[in-house]
Amino acid sequence: MKGYLGIDVGSVSTNLVFMDENGKIREAIYLRTRGQPICALQEGLRQLAGRLPANTAVRGVGTTGSGRFLAGIIAGADVVKNEITSHAVAASTLVPGVQTILEIGGQDSKIIILRNGVVTDFAMNTVCAAGTGSFLDQQAARLNIPIEEFGNLALESTVPVRIAGRCAVFAESDMIHKQQMGYSLPDILAGLCEALVRNYLNNVGKGKEILPPVVFQGGVAANAGMRRAFEQALGLEVHVPPHYNVMGAVGAAILAREKMAGGGTSRFRGFGVAETRFKAGGFVCENCPNLCEVVEITREGEVIARWGDRCGRWSGSLGYQESAV
Amino acid sequence: MTLKVGIPRALLYYYYLPLWRTFFEALGLEVVISRPTTKTILDAGLQNSGDDVCLPVRLAFGHVLDLKDRVDVLFLPRMVSIARREYICPKFLGFPDMVRHGISGLPPLIDPNLNLYRKDSLYPFFAALGRNFTSNRLAIYLAYRQAVYTQTRYVQLLEKGFFPEEALAVMYQGLTEGREPGGDGPTVAVIGHPYNIYDPYISMNLLSRLARNGVRVCSAENLPETLVREQAARLPKHLFWSLGQRMIGAAWHYLQSPGVDGIIHVASFACGPDSLTGELISREVKRRGKPFLNLTLDEHSAEAGVVTRLEAFLDMIERRQFLPARESV
């Protein structure tokens, strides 16, 4: 089997998909990054290699997510793309005609507006991570319910309580207050979903024209309570596509196929990289008052990439650029 | 010994350096400009300024500190108004006082008022400024004439497509070619306060990142004042912030230019006028439908966030142009 590998290394999850030449997703792997992107990526590759037939040929590799440069170096990527473009490409391919993408991941959330299949506008959350997956995770843990059950419990609510969603810190104290007053758990959870949706639409979705079809993706789309809250707030049907939690990786695989359409050999280092020793280190460059923190990636002791310097003294010395931009 | 006058490389430096510098040099003074922004300069500024001022002003504190021990006097003009019935941001107006009360051990500050709200001539400002150094009125007048002449030449260079630091290099370091003609990529207009977009540290190398991608960049400073004002006059009410007026006029002009493929608005966090101009620009963008990116900069800005947004913005422009090719995916 021949196909394309898409890798999305995010703050919370590391996802890999294998897409065959016809654009069908053959395998999808969703792992927690747990603060160790290199290990998570290697584990993902190990699992993927185990699931794919032995004669699998990787024609191209695409990486995305906040760890895309790191993943691109480790796996040997043919295309390294930002997560906005990857998500947009994936959604417009899997859900033709999509006009609005709501994406909520572990640490970030974004809205992407498409018209006629192309992105016309987008926005990402700024420094505030209120309303992202991490906060839901944290609240689920505090209430001692598995995150998987969060959504269905919220659906049982009949009268959602009103919770301040402007800031995660206030939302938490508000929830505790409501819980101590005796409101039921489902009503509190549903209220939290509504608060987060309000926050998202006011901050990230501010001023955007949200037209159907609306697609909801990213890890938080697994939460049925969030989906219902979006539907109620927007008055529109909200689709959660298959592979909603690995859409970034799907987009990266599609972009890899696009890139390799003209032929050429992939820069993929092979599934063997799962067993290679990679190390990320770093140092503070003291050549000027900027004191840049330079990151250094080594493979079996040999430096293969450096970035983080403003002037290019270190990143340029290896003939490698952190980013296209 | 020649007296050394310090000018911070911040705030309206990008608009007026040739004017100030020529005037001082014509009076026989030596001009010292603070060094380009580094982490050290920014950190010093953050530590010595109040929490409630915007990033550009806090950065200007850093530049003052950089000059503090190297000059005999510091030149911090009190910028009240640079055009009739218009104002400069009140933080600029209060800047000399904030510095005076916030930093100890300063050399003498020279902070004459520049207020053109009710008059057109800059001469009274220069006459007052010159009296600090000489009583020779003719010398002051001649220095003023020379300063205005040099400033005109600087503005002409900007209108030819040079950016401030490039134009200054042409004037003072004898560079002839200046900026390269630009790549084969799209043309993007970058709209923002000059002290945000032309400071590579603060903008996180925005302009050179774009250039590296073959993007041709143009800015508000490349447009003649009359054209900018003509466009801004389309607002239902006269906008009384001079800098905002320039940004809006330029954005509206570029929105109507078929050769411009997209617009980036750079705002600084905690800037009041920016939140207003940003909104006015984005409303007009919606009517015209050009790719638009609103970048907000603050001292916490991580490069990753800027890179991701810029990449997505450039993809948006590129994929729009190759729309038919996308259908095959």
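The values are calculated or read from the model by the stated rules, or taken from the named source; none is laboratory data. What you see is a predicted model, and the numbers here were worked out from it, not measured in a lab. Using ideal geometry, Cβ is built from the backbone for each residue, glycine included, and neighbour counts are taken over all protein chains shown.
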Item to check | Candidate set: the range A:9-49, residues that are within 14 Å of chain B (Cβ to nearest Cβ) and within 17 Å of A:Phe69 (Cβ to Cβ); chosen: the one surrounded by the most Cβ atoms within 10 Å (Cβ to Cβ) | outcome: A:Val9
Item to check | Members of the range A:104-140 that are more than 12 Å from every other protein chain (Cβ to nearest Cβ) and either closer than 20 Å to A:Ala253 by Cβ or assigned to a helix (DSSP H, G or I) (or both) | outcome: A:Gly105, A:Gly133, A:Ser134, A:Phe135, A:Leu136, A:Asp137, A:Gln138, A:Gln139, A:Ala140
Checklist entry - Got a sec? Which of A:Val61, A:Val95 is surrounded by fewer than 24 Cβ atoms within 10 Å (Cβ to Cβ) and not assigned by TED's automatic domain parsing to the domain that holds A:Met175? => result A:Val95
Checklist entry - Restricting attention to the range A:15-38, does a residue exist that is in contact (Cβ under 8 Å) with a residue 12 or more places away in the chain, farther than 14 Å from A:Phe268 by Cβ and in a helix (DSSP H, G or I)? => result yes
Checklist outcome for this item: For A:Gly67, the lone unmet condition from (1) in contact with a Leu (Cβ under 9 Å, 6 or more places away or on another chain); (2) in the same structural domain as A:Tyr200 (by TED's automatic domain parsing) is (2)
Checklist outcome for this item: Given the conditions (1) surrounded by fewer than 18 Cβ atoms within 10 Å (Cβ to Cβ); (2) not assigned by TED's automatic domain parsing to the domain that holds B:Thr308, every one holds for B:Ala211 apart from (2)
Checklist entry - Cβ-Cβ below 8 Å, separation at least six or inter-chain, first residue in the range B:93-115 and touching a residue at least 60 places away in the same chain (Cβ under 8 Å) and under 19 Å from B:Leu3 (Cβ atoms), second surrounded by fewer than 17 Cβ atoms within 10 Å (Cβ to Cβ) and of a type in the set (S, T, N, Q): which pairs? => result B:Ile110/B:Asn132
Item to check | Flag if B:Val260 is in a loop (DSSP other than H, G, I, E, B), out of contact with any Pro (no Cβ under 8 Å at 6 or more places or on another chain) and modelled with pLDDT of 90 or more | outcome: yes
Next on the checklist: For the range B:291-315, give me each residue that is surrounded by fewer than 18 Cβ atoms within 10 Å (Cβ to Cβ), within 9 Å of chain A (Cβ to nearest Cβ), in contact (Cβ under 8 Å) with a residue 40 or more places away in the chain and not in a helix (DSSP H, G or I).
Outcome noted: B:Asp298
Next on the checklist: Being within 14 Å of chain B (Cβ to nearest Cβ) and more than 23 Å from the chain's Cα centre (by Cα) is true for just one of A:Gly251, A:Gly262. Which residue is that?
Outcome noted: A:Gly262
Checklist entry - Where in the range B:1-94 are the helices (runs of 4 or more DSSP H), entirely inside, with at least 3 residues that are buried (at least 22 other Cβ atoms within 10 Å of the Cβ) and within 14 Å of chain A (Cβ to nearest Cβ)? => result B:39-48, B:55-68
Checklist entry - Could you list, in sequence order, the residues of the range A:91-103 that are in contact with a Lys or Arg (Cβ under 9 Å, 6 or more places away or on another chain) and part of a loop (DSSP other than H, G, I, E, B)? => result A:Gln99
Checklist entry - Would a scan of the range A:88-96 turn up a residue that is out of contact with any strand residue (DSSP E or B) (no Cβ under 7 Å at 6 or more places or on another chain), hydrophobic (A, V, I, L, M, F, W, C), in contact (Cβ under 8 Å) with a residue 12 or more places away in the chain and more than 13 Å from A:Val214 (Cα to Cα)? => result yes
Checklist entry - If A:Gly282 satisfies every condition in (1) small (Gly, Ala, Ser); (2) closer than 25 Å to B:Lys39 by Cα; (3) assigned to a loop (DSSP other than H, G, I, E, B) but one, which is the exception? => result (3)
Checklist outcome for this item: If we keep only residues of the range B:212-260 that are over 17 Å from the mean Cα position of the chain (by Cα), under 21 Å from B:Tyr198 (Cα atoms) and not β-branched (Val, Ile, Thr), then the residue farthest from the other protein chains (Cβ to nearest Cβ) is B:His253
Checklist entry - Yes or no: A:Val80 closer than 26 Å to A:Asn22 by Cβ, surrounded by 19 or more Cβ atoms within 10 Å (Cβ to Cβ), without any contact (Cβ under 8 Å) to a residue 40 or more places away in the chain and within 11 Å of another protein chain (Cβ to nearest Cβ)? => result no
Next on the checklist: Cβ-Cβ distance below 6 Å, separation of 6 or more or different chains: which pairs start in the range A:301-325 with a residue that is not assigned by TED's automatic domain parsing to the domain that holds A:Ala77 and end on one that is surrounded by fewer than 14 Cβ atoms within 10 Å (Cβ to Cβ) and at pLDDT 75 or above?
Outcome noted: A:Gly308/A:Glu293
Checklist entry - Residues B:Arg283, B:Arg288: which one is assigned by TED's automatic domain parsing to the domain that holds B:Ala267, modelled with pLDDT under 90, surrounded by fewer than 19 Cβ atoms within 10 Å (Cβ to Cβ) and over 24 Å from the mean Cα position of the chain (by Cα)? => result B:Arg288
Next on the checklist: Condition check: farther than 18 Å from B:Tyr198 by Cα and among the hydrophobic types (A, V, I, L, M, F, W, C). Does B:Ile82 satisfy that?
Outcome noted: yes
Checklist entry - For residues in the range A:148-206 being aromatic (Phe, Trp, Tyr) and under 21 Å from the mean Cα position of the chain (by Cα), which is surrounded by the most Cβ atoms within 10 Å (Cβ to Cβ)? => result A:Tyr200
Checklist entry - Picking from A:Val98, A:Val80, A:Val89, A:Val118, which residue would you name as being of a type in the set (A, V, I, L, M, F, W, C) and modelled with pLDDT under 90? => result A:Val118
